[in-house]
Amino acid sequence: MNPNNPLNSVVFITLPENFEISKKAMHIDTTIPLPVQLPIGSNQDEPFDISTLSEEMILAGILTVLAYDKSNPNLNYYRNIITNAKPNIKTELSEAAILKARNEDFDIAEEIFDALRGLDPEDMAIVLNTALFFDQRADSYRKSGLIEDADAYDNDAEYYYKQVMDAEPAIPDAFFNAGFFYLKQKNFIKGKECFEIYLAYVVDTKDEELGENGIYKKQRAAEIIRDIENRNLDDELFKSAYDLICNEEEEKGLDKIRQFLEKNPKIWNAWFLLGWGLRRLGRYADAKQAFDETIKLGGDNCDTYNELAICQMELGDLAGSKKTLLQAFQLEPENTKIMSNLGFISLKEGDIESARGYFTAVLEFDPEDKIALSALSQLEF
């Protein structure tokens, strides 16, 4: 999703005969051009000064090519050079990417994961970590209210989950993590299937081989499957309703979820789906009743409170909406979507300073949050 082409910062050169990348490196074939990463601010069109060449510039150039030039005919040659020069390069890059992702420095983390997959396309651990990265990035963007970006990263995550789930030999953890991914998508049928496959792979593994974490995963997968079955969430009506509402066919989706609720009136997820569809149609009073029922049946989570607060706000109950958002904020104090909505409530109340405080707090967590930036810019006028 980066609009700039990183390959613009790379030039290809032919090395002098006596240049060595490191003492452990393979012999350099001087007939094959090597990529060199130019310093920031350099002009790619100007002749390269060979006297400024360093090992780091070559290694960085190779990583950029591995990440972004998948059709380069010399990729295997470049891989050999960098792995001979830096035998621990995969471990070092993996640790760096995971750290960057944990700190939500997403653009750099994505670049590193791109380089890792180019470095070793067959390493399914890298592919799984890439899927987990995009999964995390989608969650972060969705919390910030950047729904289109979040959906795009969800698509990336699913692409890599599918790739690693097709791997031979099988990687059980891929199915375990993908199961949670599909649960977040409200695709309980697919999520259940992933957990069932995970259990099939580990069912005969002894506890001492699984370890404490493996035992927990095994128990958790079984619990989730039972919960889905007990609440009939793997019903085709539920899945169909969710898909229809997501595809902006709300009326058809509402018909499906009402059919589901006739058979399963105590399932809070279904009441939430009903409220979500109604809210998207602007039927705020009916949606509010559905969300109230959701909370009554146990769905008292941040998403439900946020949806309920939107309905309350649209119905003119600003005090109730603010109270509901503060309940959500207690559950997830770093949820920037909740902060933004509190900011908009404050604006409607005429409390400019409180609104500015909420939007500023959003930017402390995400300096590029488009909603908060736009709101603050309008407050300056």
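The values are calculated or read from the model by the stated rules, or taken from the named source; none is laboratory data. As the structure is a prediction and not an experimental result, all values here were calculated from the model. Virtual Cβ from ideal backbone geometry, glycine too; neighbours counted across all protein chains shown.
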Checklist line | Number of the condition not met by I228 [criteria: (1) closer than 27 Å to T294 by Cα; (2) surrounded by fewer than 18 Cβ atoms within 10 Å (Cβ to Cβ); (3) in contact with an Asp or Glu (Cβ under 6 Å, 6 or more places away or on another chain)] | finding: (2)
Margin query: Can you tell me how many residues within the range 138-162 are of a type in the set (D, E, K, R) and at pLDDT 95 or above?
Written below: 4
Item checked: Every residue from the range 311-343 that is assigned to a helix (DSSP H, G or I), within 16 Å of K143 (Cβ to Cβ) and not polar (S, T, N, Q) -> L325, A328, F329, L331, K337, I338, M339, L342, G343
Note to self: So the check is Cβ under 6 Å with 6+ separation or different chains; which pairs have a first residue in the range 285-310 that's more than 25 Å from T336 (Cα to Cα) and a second one that's assigned to a helix (DSSP H, G or I) and at pLDDT below 95?
What the structure shows: L297/W268
Note to self: Can you confirm whether K239 is at pLDDT below 95, part of a helix (DSSP H, G or I) and either under 28 Å from N155 (Cα atoms) or in contact with a helix residue (DSSP H, G or I) (Cβ under 6 Å, 6 or more places away or on another chain) (or both)?
What the structure shows: yes
Next item on the list: Test L273 against the stated conditions and say whether it is in contact (Cβ under 8 Å) with a residue 12 or more places away in the chain, surrounded by 21 or more Cβ atoms within 10 Å (Cβ to Cβ) and farther than 19 Å from Q327 by Cα.
Entry: yes
Item checked: Failed condition for V127, given (1) out of contact with any Asp or Glu (no Cβ under 7 Å at 6 or more places or on another chain); (2) under 30 Å from F272 (Cβ atoms) -> (2)
Notebook entry, point to check: Which residue pairs have Cβ atoms under 6 Å apart, sit 6 or more places apart or on different chains, and have a first residue in the range 150-167 that is closer than 20 Å to E196 by Cα and without any contact (Cβ under 8 Å) to a residue 60 or more places away in the chain and a second that is in a helix (DSSP H, G or I) and of a type in the set (V, I, T)?
Noted result: Y160/V127; Y160/T130; Q163/V127; V164/V127
Checklist line | Conditions (1) farther than 25 Å from E332 by Cα; (2) of a type in the set (A, V, I, L, M, F, W, C); (3) surrounded by fewer than 19 Cβ atoms within 10 Å (Cβ to Cβ): number failed by F238 | finding: (3)
Note to self: Among (1) over 24 Å from the mean Cα position of the chain (by Cα); (2) among the polar types (S, T, N, Q); (3) closer than 15 Å to Y198 by Cβ, there is one condition N213 misses while meeting the rest; what is its number?
What the structure shows: (1)
Checklist line | Only one of D107, D135 that is without any contact (Cβ under 8 Å) to a residue 60 or more places away in the chain and among the charged types (D, E, K, R) | finding: D135
Notebook entry, point to check: When the range 292-301 is examined, which residues are found to be surrounded by fewer than 18 Cβ atoms within 10 Å (Cβ to Cβ) and over 26 Å from the mean Cα position of the chain (by Cα)?
Noted result: D292, K296, L297, G298
Next item on the list: Return yes when K192 is out of contact with any strand residue (DSSP E or B) (no Cβ under 9 Å at 6 or more places or on another chain) and in contact (Cβ under 8 Å) with a residue 60 or more places away in the chain and no when it is not.
Entry: no
Notebook entry, point to check: Looking at the range 47-67, is at least one residue modelled with pLDDT of 85 or more, touching a helix residue (DSSP H, G or I) at 6+ places or on another chain (Cβ under 6 Å) and of a type in the set (S, T, Y)?
Noted result: yes
Check: Within the group A101, A60, which residue is surrounded by 12 or more Cβ atoms within 10 Å (Cβ to Cβ), assigned to a helix (DSSP H, G or I) and under 23 Å from the mean Cα position of the chain (by Cα)?
Finding: A101
Checklist line | Options T304, T324, T336: the member that is surrounded by 14 or more Cβ atoms within 10 Å (Cβ to Cβ), out of contact with any Ser or Thr (no Cβ under 8 Å at 6 or more places or on another chain) and either of a type in the set (S, T, N, Q) or over 30 Å from L261 (Cα atoms) (or both) | finding: T324
Item checked: Count of the range 266-287 residues which are in a loop (DSSP other than H, G, I, E, B) and either in contact with a Leu (Cβ under 9 Å, 6 or more places away or on another chain) or among the hydrophobic types (A, V, I, L, M, F, W, C) (or both) -> 3
Next item on the list: Return the pairs, sorted by first residue and then second, in which the second residue is among the hydroxyl-bearing types (S, T, Y) and crowded, with 16+ Cβ neighbours inside 10 Å, the first residue lies in the range 46-74 and is within 14 Å of V36 (Cα to Cα), the beta carbons are less than 6 Å apart, and the residues are 6+ apart or on different chains.
Entry: I62/Y78
Item checked: Number of positions in the range 186-219 that are among the basic types (K, R), farther than 13 Å from D173 by Cα and part of a helix (DSSP H, G or I) -> 2
